[in-house]
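The values are calculated or read from the model by the stated rules, or taken from the named source; none is laboratory data. Predicted model, so just to flag it, every value in this text is computed and none were measured. Cβ coordinates were reconstructed from backbone atoms using ideal geometry, including for glycine residues, and neighbour counts include every protein chain displayed. Quick note on the areas: whole protein, heavy atoms, side chains included, nothing else; ligands and nucleic acids left out. Shrake-Rupley method; radii C 1.70, N 1.55, O 1.52, S 1.80 Å.
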Amino acid sequence: MAVIVRALCSVAVLFFVIAPSPAKIAEVSAEDAAHHLVKKIDPVYPTFAKTLRIQDTVVLKLVIAADGSVLRVDRVSGNPMLIESSIEAVKQWHYSPFLVDGKASEVTTAVSIPFSLGIPDANYKKEEETSRRYFADDKRCRAAISAGHFSEAQSICTEEAKLGEQLPAAREMERFEAYGLLGQAYFYDYKFPEALTYFQHQLESAKKKLHDDDAEMAYAYHHMGMGLTTNHRTEEAIPYYERAETTLRAAQNKIGSEFLKNQYAKTLKTIMSEHAILLRHVGKNADADALDNAAQAIVVRTDIKPD
């Protein structure tokens, strides 16, 4: 048996010694590849990346077939939010054949795809740093509110709001979120005048960016209703509850996601119940009963998972 094993090992060694190694794919420079490019599809700038004002250059490694089609695309570097769009575009590119030793051959090269919103580098770096600090504070602010540490949340959320105010006009939703969170940090700590101030800021911010079929607009109206109610301004609060309900219904009709429709239904039910309490407070009992019945009729499902 030992003789057989040694013989098999000898054959294996001989095989690996004499077996030809795979041919190495020729690498061509980016400049040379650009001269061969005959069909170029520009990537779509992702909407969310534009909203967040993300600029970057994506670098990809390509394997190009002998006929000039793109066989494979691998990421080298670049913002993750820009990668998929870049790859989808580059897959459609086509090159005139590359000759290696006079024969059309498979090659590899690197391509750089810039995504720019025209923001100067110095400004972009400053905005990027402010944005990084903003989102770090946003995470801490939400965690403090969730844990019931409202005094701590007020300090953190205040810093978040200040950073949000330093971001450019296009980043209005960051200010919207920061004001809403800061208002909640005060509201749940029973500091109602301060809460109302920041809910007012949130609504002003919402009006710059949102419409009356956006769920976020409904949340801003609801916060205003809450703020006014707890500051003993019930008559003023009621119209905000009405707007919140109308806006949330419009958002339900607009959205395609069944999960979000169900989430909006849950929120709508809560808002309507609060609204009914206010109506009773001002003596409109029949209207309150009708609203309570409508709220009870809303079906909120528990079996719908996030899309």
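Can you confirm whether the range 287-299 contains a residue that is of a type outside the set (A, V, I, L, M) and within 22 Å of residue 195 (Cα to Cα)? No, there is no match, as no residue in the range 287-299 is of a type outside the set (A, V, I, L, M) and within 22 Å of residue 195 (Cα to Cα). For the range 147-166, check the following and say yes or no: at least one residue is aromatic (Phe, Trp, Tyr), within 30 Å of residue 261 (Cα to Cα) and either part of a helix (DSSP H, G or I) or touching a Ser or Thr at 6+ places or on another chain (Cβ under 7 Å) (or both). No; the residues of the range 147-166 include none that is aromatic (Phe, Trp, Tyr), within 30 Å of residue 261 (Cα to Cα) and either part of a helix (DSSP H, G or I) or touching a Ser or Thr at 6+ places or on another chain (Cβ under 7 Å) (or both).
Would you check if residue 230 is buried (at least 16 other Cβ atoms within 10 Å of the Cβ), under 20 Å from residue 176 (Cβ atoms) and of a type in the set (S, T, N, Q)? It is false that residue 230 is buried (at least 16 other Cβ atoms within 10 Å of the Cβ), under 20 Å from residue 176 (Cβ atoms) and of a type in the set (S, T, N, Q). Within the range 200-242, the set of residues being closer than 20 Å to residue 173 by Cα and of a type in the set (Lys, Arg) comprises 207, 208, 209. Does the range 68-82 include one or more residues that are on the phi > 0 side of the Ramachandran plot, outside any helix (DSSP H, G or I) and open to solvent by less than 20 Å² (accessible area, probe 1.4 Å)? Yes, because at least one residue in the range 68-82 is on the phi > 0 side of the Ramachandran plot, outside any helix (DSSP H, G or I) and open to solvent by less than 20 Å² (accessible area, probe 1.4 Å).
Taking the conditions (1) in a helix (DSSP H, G or I); (2) over 30 Å from residue 194 (Cα atoms) in turn, residue 249 satisfies each one other than (2).
Restricting attention to the range 253-307, the residues being part of a loop (DSSP other than H, G, I, E, B), hydrophobic (A, V, I, L, M, F, W, C) and exposed (fewer than 11 other Cβ atoms within 10 Å of the Cβ) number 1. State whether the residues of the range 201-222 include one that is assigned to a helix (DSSP H, G or I) and under 16 Å from residue 279 (Cα atoms). Yes; the residues of the range 201-222 include at least one that is assigned to a helix (DSSP H, G or I) and under 16 Å from residue 279 (Cα atoms). Against the numbered list (1) outside any loop (DSSP other than H, G, I, E, B); (2) within 27 Å of the chain's Cα centre (by Cα); (3) under 20 Å from residue 72 (Cβ atoms); (4) of a type outside the set (D, E, K, R), residue 92 comes up short only at (1). Pairing each residue of the range 241-266 that is within 13 Å of residue 300 (Cβ to Cβ) with any residue that is open to solvent by 60 Å² or more (accessible area, probe 1.4 Å) and in a loop (DSSP other than H, G, I, E, B), provided the two are 6+ apart or on different chains, yields C-beta distances under 6 Å for 259/306; 259/307; 262/301. A single entry from 125, 91 fulfils the requirement of being without any contact (Cβ under 8 Å) to a residue 24 or more places away in the chain and either under 30 Å from residue 171 (Cβ atoms) or β-branched (Val, Ile, Thr) (or both): 125.
Let's see how each residue does on (1) closer than 19 Å to residue 246 by Cα; (2) surrounded by fewer than 23 Cβ atoms within 10 Å (Cβ to Cβ); (3) polar (S, T, N, Q):
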residue: 175; (1), (2), (3): no, no, no
residue: 179; (1), (2), (3): no, no, no
residue: 187; (1), (2), (3): no, yes, no
residue: 190; (1), (2), (3): no, yes, no
residue: 193; (1), (2), (3): no, yes, no
residue: 196; (1), (2), (3): no, yes, no
residue: 211; (1), (2), (3): yes, yes, no
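Scanning the range 1-55 for residues that are open to solvent by 60 Å² or more (accessible area, probe 1.4 Å), in a strand (DSSP E or B) and not basic (Lys, Arg), we see that the one that is modelled with the lowest pLDDT is 27. For first residues located in the range 158-187 and free of Cβ contacts under 8 Å to residues at least 60 places away in the same chain, partners that are hydroxyl-bearing (Ser, Thr, Tyr) and open to solvent by 30 Å² or more (accessible area, probe 1.4 Å) and lie 6+ apart or on another chain with Cβ distances below 6 Å form the pairs 179/198; 182/198; 183/198.
Could you grab me the full set of residues in the range 233-252 that are among the charged types (D, E, K, R) and open to solvent by 60 Å² or more (accessible area, probe 1.4 Å)? The answer is 233, 235, 236, 242, 243, 249. Going through (1) open to solvent by less than 20 Å² (accessible area, probe 1.4 Å); (2) within 30 Å of residue 65 (Cβ to Cβ); (3) of a type in the set (Gly, Ala, Ser) one by one, residue 153 falls short only on (2).
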